[in-house]
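Working notes, beginning with the structure itself.
What follows draws every value from the coordinates through simple rules; no lab data is involved. Quick caveat: nothing in here was measured; it's all calculated off a predicted structure. We place every Cβ from the backbone using ideal geometry, glycine too, and count neighbours over all the protein chains shown.
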Amino acid sequence: MKVPLLDLKPQFSQIKEKLLPKLITQMEQQAFILGPAVEKMEKELADYLGTKYALGVSSGTDALLIALMALGIGDGDEVITSPYTFFATAGCIHRTGATPVFVDIEPDTYNIDVSKIEAAITPKTKAIMPVHLFGQSTDMNEINAIARKHGLSVIEDACQAISSQYEGKMVGNLGTVACFSFFPSKNLGCFGDGGLVSTNDEKLFNKLKCIRVHGTEAQYYHKTVGINGRLDALQAIVVSEKLPYLESWSEGRRKNAARYNSLFSGNKNVVIPVQRPDRKHIYNQYVISVDNRDELKAFLTSNEIGCAVYYPLPLHLQECFSNLGKKAGDFPVSERASKTTLALPVYPELSPEAIDFVAAKINEFTSRKLEKSAS
Ligand SMILES: *Cc1c(COP(=O)(O)O)cnc(C)c1O
């Protein structure tokens, strides 16, 4: 049986019939950037998240950059985040001229270890940027309490976590500002690059909006220097069309994750992802941890099972950040995770038989490994 890591085709066939005429109507208007379709999507997303404002932007990366710029973060400032995340989180901090300050992660959720944040705060710290990694919220009460105490902003990197909840509240409505990605592999993906920024702060929203279009309020008059962070109308139409399915798609992923969990329950060599009781994990990735990760990956690949390593090199060890002076051993939990974690197929339309097949192959691999080491 061939099992891809992700297959987006079943989602497309679900929405195709209703979506295509809407795309054609938009094309007939030859109106491609921002406009009513984007505004409609923004309103729907703000309603869904429960935030006052939402702004469609060109990608999750640009959402992060625009949020940082709107908060006035730049040269000489520091922003706290985790080194075990997609590159964009720290890349955007660097691009503003600020310095990413890394704090290690928890070994079981792979999210930032909040007990280590305060030790990383200096007079230069302006914000904390927690990443809701793989689709599970960070400990936002604790992060907000630290931020309040030190006068810091909180920027949620919720790019992997749309529809995820913390204490019954949607992520994206938990800090100062939040950033989402509509990259096709995210739980709510468009047909290219796209993203969203959400906030409850009207003044901040106006700044976000201005930065999205080169810092303009009135066309061709620039108060500040912004970027081209606009979203295409066609992408907004795709997001609007998919939004009503998002909850059921995320539920499908949760069901698949639960099935894996029970299939791995007797296997001490597979560490399953942990979901905290006050959170709703939406499994943008279902990530296990195993010794011999690279061998298992090769074994699954040879059995035509898709899998991937998120992420093989923590950000403090990336060449581009060598100026930060960090070395191997500085963030041991992140470094270990980068050597042991493996993402398995978990997309909503995955059949129970496929999950059973993937789990059986993994259980077969780890028990064979055990036999070998015992003999
Ligand atoms: C996907 C992702 C981003 C960037 O989103 P793009 O839309 O690909 O630019 C940022 N942070 C995290 C954690 C992500 O997973």
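When 1/r is averaged over all different Cα pairs and the result inverted, which Kirkwood radius in Å belongs to region 253-375?
15.8 Å
Principal axes first, then extents: for the Cα atoms of region 149-221, list largest minus smallest coordinate on each axis, whole Å, largest first.
Result, largest extent first: 42, 41, 17 Å.
I'd like the Karplus ³J(HN,Hα) series for region 102-113: coefficients 6.51, -1.76, 1.60, θ = phi - 60°, whole numbers in Hz, and an x wherever there's a Gly or Pro.
8, 10, 5, 9, 7, x, 9, 9, 6, 8, 3, 7
Pop a pseudo-label 7 angstrom from the Cα along the beta-carbon direction at both ASP201 and VAL225 and give the gap in nm to one decimal.
Reported label-point gap for ASP201 and VAL225 is 2.3 nm.
Compute the distance in nm between two label points, each set 7 Å from the Cα along the Cα-to-Cβ direction, one at ASN363 and one at LYS268.
1.7 nm
How large is Rg over Rh for region 77-147, taking Rg from the Cα atoms and Rh as the Kirkwood inverse mean of 1/r across Cα pairs?
0.93
GLN14 label point, 7 Å along Cα→Cβ, cut-off 14 Å on backbone N: hits in region 236-263?
Flagged as within label range: 239-256.
So how long is each side of region 199-324 along the principal axes, counting just the alpha-carbon atoms, biggest first, in Å?
Dimensions of region 199-324 along the principal axes of its Cα atoms: 63, 45, 32 Å.
Across region 188-193, in residue order, what do the Karplus-derived ³J(HN,Hα) couplings come to in whole Hz, using 6.51 cos²θ - 1.76 cosθ + 1.60 with θ = phi - 60° and x for Gly and Pro?
Here the 3J(HN,Hα) series is 10, x, 9, 9, x, 8 Hz.
Stokes-Einstein D for region 15-165 at 4 °C, 1.567 mPa s, Kirkwood Rh over Cα pairs, in µm²/s?
For these conditions, the coefficient is 76 µm²/s.
What span do the alpha-carbon atoms of region 84-219 cover on each of the three principal axes, reported in whole Å from largest to smallest?
On the principal axes, region 84-219 reaches 46, 35, 28 Å in Cα extent.
Give me, ordered by chain and number, the residues 5 or more places off ILE33 or on other chains with an amide H under 5 Å from its own placed amide H.
Close amide H contacts, sequence-distant or interchain: ALA233.
What are the residues whose amide H is under 5 Å from the amide H of ASP77, where those residues sit 5 or more places off or on another chain and H is modelled from the backbone?
So ASP77 has HN proximity to THR99.
Once the Cα gyration tensor of the chain is diagonalised, what are the square roots of 5 times its eigenvalues, in whole Å and ordered largest first, as equivalent ellipsoid semi-axes?
Each semi-axis is the square root of five times an eigenvalue, giving 34, 27, 17 Å.
Just to check I understand the Karplus step: with θ = phi - 60° and J = 6.51 cos²θ - 1.76 cosθ + 1.60, what whole-Hz values come out for region 269-280, glycine and proline as x?
Result, ordered by residue: 8, 10, 8, 8, x, 9, 10, 5, x, 8, 10, 10 Hz.
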